[in-house]
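Q: Pasting in a structure now, in structure tokens, and then I'll have a few things to ask.
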Amino acid sequence: MFDFIKTSVKPDFMLWGGDSVPHNVATQSIDYNINNVRRVTDKVLKIADEFPLFATLGNHDTYP
């Protein structure tokens with residue numbers, strides 16, 4: 001999906017609304033959430049080098 005966005009869509013900018021962590025609240029932990037947000041952030045930043053990126057944390061990205 002990320003490669004398609006960069007090579008085919010070629011956006012002028014990107015809005016990233018968060019909620020990068022799965023919604024399995026019962027099994028979340030601080031480390032689990034940090035690792036998930038970090039993993040998705042790394043992927044997003046690889047394609048966002050040619051256009052502005054506007055990001056925010058989603059309500060599921062923070063530890064419950």
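Q: Give me the dipole magnitude in Debye, nearest 20, for the chain about the Cα centre, with unit charges on the beta carbon: positive for Lys and Arg, negative for Asp and Glu.
A: Using only the charged Cβ atoms, the result is roughly 100 debye.
Q: So what is the relative contact order for region 2-55, in percent, with contacts set as C-alpha pairs under 8 Å and at least six apart?
A: So the answer I get is 64 percent.
Q: With N set to the number of residues, divide the alpha-carbon radius of gyration of the chain by 2.2 N^0.38 Å and report two decimals.
A: 1.22
Q: Need one number: nm distance between label points at ARG38 and PHE54, each 7 Å from Cα along Cα→Cβ, rounded to one decimal.
A: Taking the simple label geometry, ARG38 and PHE54 are separated by 2.9 nm.
Q: Separate question: Could you give the angle, 0 to 90 degrees to the nearest 10, between helix 30-47's Cα long axis and the longest principal axis of the Cα atoms of the chain?
A: Helix 30-47 sits roughly 0 degrees off the main axis of the chain.
No value in this document is a laboratory result; all are computed from the given coordinates. The structure displayed is predicted, hence computed values, not measured ones. Heads up, the Cβs are rebuilt from the backbone with ideal geometry, glycines too, and the neighbour counts pull from every protein chain shown.
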